[in-house]
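The values are calculated or read from the model by the stated rules, or taken from the named source; none is laboratory data. These numbers come from a predicted model, not from an experiment. Reconstructed Cβ throughout: ideal geometry from the backbone, glycine too, with neighbour counts over all protein chains shown. Accessible surface areas use protein heavy atoms only, side chains included; no ligands, DNA or RNA. Shrake-Rupley method; radii C 1.70, N 1.55, O 1.52, S 1.80 Å.
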Amino acid sequence: MLVIRAEQMEVFEQVSRRRFEDEMMAHSKAFSPRLCEVIGDEPLHAAARSAIARAERYGFTNRGPIRLFIELMFLCGSAFDTDPQYAAAGQFLRASGDQMHRAQQLHEWHNDYLERVSGPGAVNVYNALSELLSFARLPLTIDQEDLTGGLLREMKRIFPTKAAFVGEAGMTAIIDESTAEAERYGFEGVRPAVLLAVLKFALGHGCTDSPLYPWIVQVLQGPEIFSPAARAAHLEDKAITWLEDVVAGNREGSQS
């Protein structure tokens, strides 16, 4: 009789999990090719591994629900499940009941988001990133006294379909979160808080601690820049470079 020792089972499980992670990486590249190209394989694998673990915490263990969770990570950010912009998605995940039923509710929400926010071929997303790039390059026109109102107006202008979908309550929560985070990093003035807010609005509220955006994490948490002012300036430079890469790649792709 064949006897499989516990350590052999552990190896089999590790190999099977790695294969599943690789499969999810391949799916991610097909689902969001330009973003995956900009991210690179190592951060992408870390993001897939993190998303699988996060999905499992909600009882998602089947292939379909986990794949849906990963697609939503690319659409709405790696922490979409706790993002105030996507309260309904979090409610479906945290509800009681069978994972397939909850995944079906999440799938319907996902399709609604694609239709109302992303548009055909994610055209609205890339238009918004192009608008965000222009916004980041220009002098700031938002005053401290009207930070929330000014940011709400810019969010609606930069990404109107998402602003309509999220609503002012969700956007205001992102602004408040960004302001508090800017204070934790010791950032002074309005510009760093505005930058964090528009990044969180566009990329998800977890983008400052996400494997999808290691350039943000490295700037905010890395030890190489000690001055808050230098860190904020470096984040802005990195954001512009990243947006330029994504926007340029999308233009090239649309012309080919």
- Cα→Cβ-extended label distance, 7 Å offset, between Arg137 and Ala95, nm: 4.5 nm
- Item | Summed side-chain charge close to Trp109 - residues other than Trp109 whose Cβ falls under 15 Å, Lys, Arg +1, Asp, Glu -1 | -2
- Could you tell me whether region 102-162 comes out rounded, prolate or oblate from its Cα gyration tensor? Rule is a ≥ b ≥ c as square roots of the eigenvalues, rounded for a/c under 1.5, then prolate if a/b exceeds b/c, otherwise oblate. oblate
- Query: From the Cα gyration tensor of region 133-256, with a ≥ b ≥ c the square roots of its eigenvalues, which class applies: rounded if a/c is under 1.5, or else prolate if a/b is larger than b/c, or else oblate?
  - Reply: oblate
- Message: Please report the accessible area of Met25 (heavy atoms, 1.4 Å probe, ligands and nucleic acids excluded) in Å², nearest 10.
- Response: 20 Å²
- Give the relative contact order (percent, whole number) for region 71-220; include only Cα pairs under 8 Å separated by 6+ residues. 30 percent
- Query: How much of Tyr213 can a 1.4 Å solvent probe reach, expressed as accessible area in Å² and rounded to 10?
  - Reply: 10 Å²
- Within the under-14-Å Cβ sphere about Thr82, not counting Thr82, Lys/Arg +1 and Asp/Glu -1 give a net charge of 0
- Using a 1.4 angstrom probe, figure out how much accessible area the chain has per residue, in square angstrom, rounded to the nearest whole. 50 Å²
- Calculate, in nm to one decimal, what Arg57 and Phe31 gain on full extension: separation in residues at 0.36 nm each, minus their alpha carbon distance. 7.0 nm
- Item | Extension gain (nm, one decimal) between Asn111 and Asp22, 0.36 nm per residue minus Cα-Cα | 29.5 nm
- Query: So what is the relative contact order of the chain, in percent, for Cα pairs below 8 Å that sit 6 or more residues apart?
  - Reply: 21 percent
- State, as an integer percentage, the relative contact order of region 152-226 based on alpha-carbon contacts under 8 Å between residues 6 or more apart. 21 percent
- Item | Potential extension, Ala88-Glu188 segment - 0.36 nm per residue separation minus Cα distance | 32.6 nm
- Task: Would you kindly give the portion of the calculated P(r) for the chain that falls above 29 Å, as a percent of all Cα pairs?
- Result: 33 percent
- Query: To the nearest 20 debye, what charge dipole does region 84-142 have about its Cα centre, counting +1 at the Cβ of each Lys and Arg and -1 at the Cβ of each Asp and Glu?
  - Reply: 180 debye
- Item | Within-10-Å neighbourhood charge of Pro211 [Cβ basis; K, R +1; D, E -1] | -1
- If you place +1 on the Cβ of every Lys and Arg, -1 on the Cβ of every Asp and Glu, and leave all else neutral, what size is the dipole of the chain about its Cα centre, to the nearest 20 Debye? 480 debye
- Task: Would you work out if region 44-89 is rounded, prolate or oblate? Take a ≥ b ≥ c from the square roots of the eigenvalues of the alpha-carbon gyration tensor; rounded if a/c is under 1.5, else prolate when a/b is larger than b/c, oblate otherwise.
- Result: oblate
- Note on the structure: Carbon/sulfur accessible area of the chain, % of total, 1.4 Å probe, equals 52 percent
